[in-house]
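Enquirer: For reference, the structure I am asking about is given below.
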There are 2 protein chains.
Amino acid sequence: MSAWRPSATVGVVGGGQLARMTQQAAIDLGIELRVLARGGEDAAASVSSLTTYGEPDSLNDLRRLAEACDVLTFDHELVPNRHLLQLESEGHNLQPRPRAKLLAQDKLHAREFMRDSEFPVPEFAPVRSPRDVETFAERCGWPLMLKRRSGGYDGRGVRVLADPRAADEVAYGDGQWIAEALVPIEIEASQVVVRARGGEVAAYPLVRTIQRDGICVETVAPAGVSPELAGRCRDLAIEIAGRIEAVGVMAVELFVTARGELLVNELALRPHNTGHFTIEGCETSQFENHLRAVLGWPLGPTWPLAPAVAMRNLIGSGFNEPSERVGAALRVPGAHLHLYGKEPAPGRKLGHVTALAEEAEEALRKCRETIEILQPEEVPWAP
Amino acid sequence: MSAWRPSATVGVVGGGQLARMTQQAAIDLGIELRVLARGGEDAAASVSSLTTYGEPDSLNDLRRLAEACDVLTFDHELVPNRHLLQLESEGHNLQPRPRAKLLAQDKLHAREFMRDSEFPVPEFAPVRSPRDVETFAERCGWPLMLKRRSGGYDGRGVRVLADPRAADEVAYGDGQWIAEALVPIEIEASQVVVRARGGEVAAYPLVRTIQRDGICVETVAPAGVSPELAGRCRDLAIEIAGRIEAVGVMAVELFVTARGELLVNELALRPHNTGHFTIEGCETSQFENHLRAVLGWPLGPTWPLAPAVAMRNLIGSGFNEPSERVGAALRVPGAHLHLYGKEPAPGRKLGHVTALAEEAEEALRKCRETIEILQPEEVPWAP
């Protein structure tokens, strides 16, 4: 076998598209990336000869990966935090550390930590019965949101309750629900930052996110907010990253209310969908900076390479097979396609498109045009 | 195994750094890349789970690869042209086609073709004896160049003969030598173009190349020549690409004489070292455009993303192990490192660095600073 020496060996728990794009960055830095994938159909499995097969909730599989790597990091949140604490106690190097990672794994813990640290969050309360929900509603009104403490993403694990009758229909048995005030959102935004092991922090341009059915469909930078508000988003995310001692990429999903109030919605402690635009759009991608950060290396510059950068997700719909139309889709000049090598399924993220332009609308137009070629049977996107 | 359907399956003969960087581009386009590598130590072998092991001069190994792919393309020139013709006659899809590829494989054939097509080339003649060399010298003077017809690269297979005595010391037995006039070169440049199967052509910015010991050490765009001269280089390369029906990336290495005369030195019909700057420096990289071209897909825009883009090679020297110093080298802001995963050896290309800047000198400075950190024992570069 090979006599080359990697610059470092990084383990990634999870073999999805984030691990796949991290591998593209790892190749450039001479990093040996070892991905823990569930099977050969995982997005990252086919782009490395070093895939490890196993389960992210198996302590043995996690330990096996950790033992082969200088540092262990994550493609997703679905790893039992107690396993991470155990591995850390055994001397393995996990980045971000389990205590910080928990803030992305447990929404109730995150909300309580944020509130206690005086970061702005929506009103919330853990609820274990219809009575709890009604008590919360007396304070914050109907309708309200019900969210799962953990495991929810892309709109899963979220419900809107219109009235007490709806609250009666929920099974509260597992103690996993949080009630949350329905905030009058003007725009949703995401602030991606990266924090290195030594404490160095860098912030990417703020993006506006456009959601459909709870899934992020598009991002655009600049976000179209005032420089003052963008500055507040950046400062808030940097302060959170420092307070929780985040390491690696952290995305802070934010609500901006009609009155210009900022509220933290969610934290992700890993490369994030709302940071995909950085691959072509910024001097250093979120994937390269995540690797630099978890290895304690200097961060790369995060400045944008064009006045406007848009990203649109390719989300599976029915029997669509976008890979058949790649050649056709590439006719849109300056649209950058990223396919994840996944079998199409409704609602599944299959890829994304990024475009740079002078104006936000022009960048979005290129992304939408490309996606419409890949998914001709879809109803055209109307913002 | 996986139920995803690739957008196309492309075979690459050769598992070096060009195949490695092509794989990074293939991942984005959902292309299944199958690389024919000699062994696990090849640069591209560790970045795919689909590496095929075999020899580029074995017809059986080539055929095995071709049978598994929609199209076959190349990482290097060291493939017997007769095997390519044989595979084409069997109905396999080779891009570029063997007839065009021969112009990169046989320097005498290329020189004769260029001369007969009235493209400017240095004076040359095949030589089989000291007498042949002296006859050539009567026309073009001493000193002169002696070059191998095939197999030479990175300065190998090239000699300068000072006088008739030097000509006596050469073994001419295999009929592999060409004599060539020593041209008074003002600058060396490279024009990278890409031509798709349908005939669409796009040109990258002209680069000036800086050589040391016959190896390209640096490239910089803009090349520092007049717009008129840059236009002539572009037009010349586009005309050659059309005339030879090149498909994929083609690099035309050019001599510019003190009198502003252009001469074609070499052709490469594959992604080329002098096109590495396009990964960060241009809207679409040479690797992505090579894939688009050989698949008959639309080409991506080739415009530059910054006023100046420089590239510097990391070339092995002695016992240097640059991978140990990656973390330190990343402190240069905006320098983009690419390591090839190869065991260090003197003269071996181990990686490269690219930087974008407002001015050429600033971009070069970032590249040189990065390389000096990776190779601290090297004598600092003096241009």
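Only the coordinates and a few stated rules stand behind these numbers; no lab work does. Just so we're clear, the structure is a prediction, and the values are computed from it rather than from any experiment. All Cβ positions, even for glycine, are placed from backbone atoms using ideal geometry, and neighbour counts span all protein chains on display.
Enquirer: Regarding A:Val225, is this residue in contact with a helix residue (DSSP H, G or I) (Cβ under 6 Å, 6 or more places away or on another chain), surrounded by 15 or more Cβ atoms within 10 Å (Cβ to Cβ) and of a type in the set (Val, Ile, Thr)?
Expert: Here the answer is no, as A:Val225 does not meet what is asked.
Enquirer: Could you tell me which numbered condition A:Glu169 fails, if it satisfies all but one of (1) acidic (Asp, Glu); (2) under 19 Å from the mean Cα position of the chain (by Cα); (3) more than 25 Å from A:Arg312 (Cα to Cα)?
Expert: Just one mismatch for A:Glu169, condition (2).
Enquirer: Same structure, new question: Sort out which residues of region A:247-271 are of a type outside the set (Val, Ile, Thr), more than 18 Å from A:Ile185 (Cα to Cα) and in a loop (DSSP other than H, G, I, E, B), and write them in order of number.
Expert: Hits for region A:247-271 are A:Leu269, A:Arg270, A:Pro271.
Enquirer: Out of region A:134-167, which residues are within 30 Å of A:Val79 (Cβ to Cβ) and β-branched (Val, Ile, Thr)?
Expert: Scanning region A:134-167 gives A:Val158, A:Val160.
Enquirer: Under 7 Å between Cβ atoms, at least 6 apart or on separate chains: pull out the pairs that start in region A:301-323 with a residue that is within 13 Å of chain B (Cβ to nearest Cβ) and over 27 Å from A:Gly347 (Cα atoms) and end on any residue that is among the aliphatic types (A, V, I, L, M) and not in a loop (DSSP other than H, G, I, E, B).
Expert: A:Thr302/A:Ala202; A:Thr302/A:Ala203; A:Pro304/A:Ala221; A:Leu305/A:Leu356; A:Ala306/A:Leu356; A:Ala306/A:Ala357
Enquirer: Still on this structure, please answer the following. Report, by residue number, each residue of region B:196-217 that is more than 22 Å from A:Leu330 (Cα to Cα) and surrounded by fewer than 24 Cβ atoms within 10 Å (Cβ to Cβ).
Expert: Result: B:Arg208, B:Thr209, B:Ile210, B:Gln211, B:Arg212, B:Asp213, B:Gly214, B:Ile215, B:Val217.
Enquirer: Can you tell me which of (1) buried (at least 22 other Cβ atoms within 10 Å of the Cβ); (2) within 12 Å of another protein chain (Cβ to nearest Cβ); (3) more than 30 Å from B:Leu108 (Cβ to Cβ) is the one B:His276 doesn't meet?
Expert: (3)
Enquirer: Go through the residues of region A:353-360 one by one and say whether even a single one is in contact with a Leu (Cβ under 6 Å, 6 or more places away or on another chain), within 12 Å of chain B (Cβ to nearest Cβ) and within 27 Å of A:His76 (Cβ to Cβ).
Expert: yes
Enquirer: Would you check which residues across region B:186-204 are out of contact with any Pro (no Cβ under 8 Å at 6 or more places or on another chain) and assigned to a strand (DSSP E or B) and list them?
Expert: B:Glu186, B:Ile187, B:Glu188, B:Ala189, B:Ser190, B:Gln191, B:Val192, B:Val193, B:Val194, B:Arg195, B:Val201, B:Ala203
Enquirer: I'm checking my understanding of the structure. Among residues of region A:331-350 that are touching a helix residue (DSSP H, G or I) at 6+ places or on another chain (Cβ under 9 Å) and without any contact (Cβ under 8 Å) to a residue 40 or more places away in the chain, which one is nearest to the other protein chains (Cβ to nearest Cβ)? Can you show your working first?
Expert: Within region A:331-350, the first condition is being touching a helix residue (DSSP H, G or I) at 6+ places or on another chain (Cβ under 9 Å), and the residues that meet it are A:331-342, A:344, A:349-350.
Within this subset, residues satisfying the condition of being without any contact (Cβ under 8 Å) to a residue 40 or more places away in the chain are A:333-335, A:337, A:339, A:344, A:350.
On the way: A:Pro333: 5, A:Gly334: 6, A:Ala335: 9, A:Leu337: 6, A:Leu339: 3, A:Pro344: 8, A:Leu350: 9 Å.
Among them, the one singled out is A:Leu339.
Enquirer: With respect to the numbered conditions (1) in contact (Cβ under 8 Å) with a residue 60 or more places away in the chain; (2) closer than 28 Å to A:His276 by Cα; (3) part of a helix (DSSP H, G or I), which one is the sole condition not fulfilled by B:Ala100?
Expert: (2)
Enquirer: Can you confirm whether B:Arg5 is within 23 Å of the chain's Cα centre (by Cα) and of a type outside the set (Ser, Thr, Tyr)?
Expert: No: the conditions fail for B:Arg5.
Enquirer: Select from region B:1-60 the residues that are basic (Lys, Arg) and either touching a Gly at 6+ places or on another chain (Cβ under 6 Å) or closer than 24 Å to A:Thr9 by Cβ (or both) and list them in ascending order.
Expert: B:Arg20, B:Arg34
Enquirer: Looking only at region A:158-182, how many residues end up being closer than 28 Å to A:Ala223 by Cα, surrounded by fewer than 18 Cβ atoms within 10 Å (Cβ to Cβ) and not basic (Lys, Arg)?
Expert: So the first thing to find is which residues in region A:158-182 are closer than 28 Å to A:Ala223 by Cα, and the list is A:158-160, A:180-182.
Then keep just the ones that are surrounded by fewer than 18 Cβ atoms within 10 Å (Cβ to Cβ); that gives A:158-160, A:182.
Remaining after also requiring not basic (Lys, Arg): A:158, A:160, A:182.
Residues flagged as closer than 28 Å to A:Ala223 by Cα, surrounded by fewer than 18 Cβ atoms within 10 Å (Cβ to Cβ) and not basic (Lys, Arg) within region A:158-182 amount to 3.
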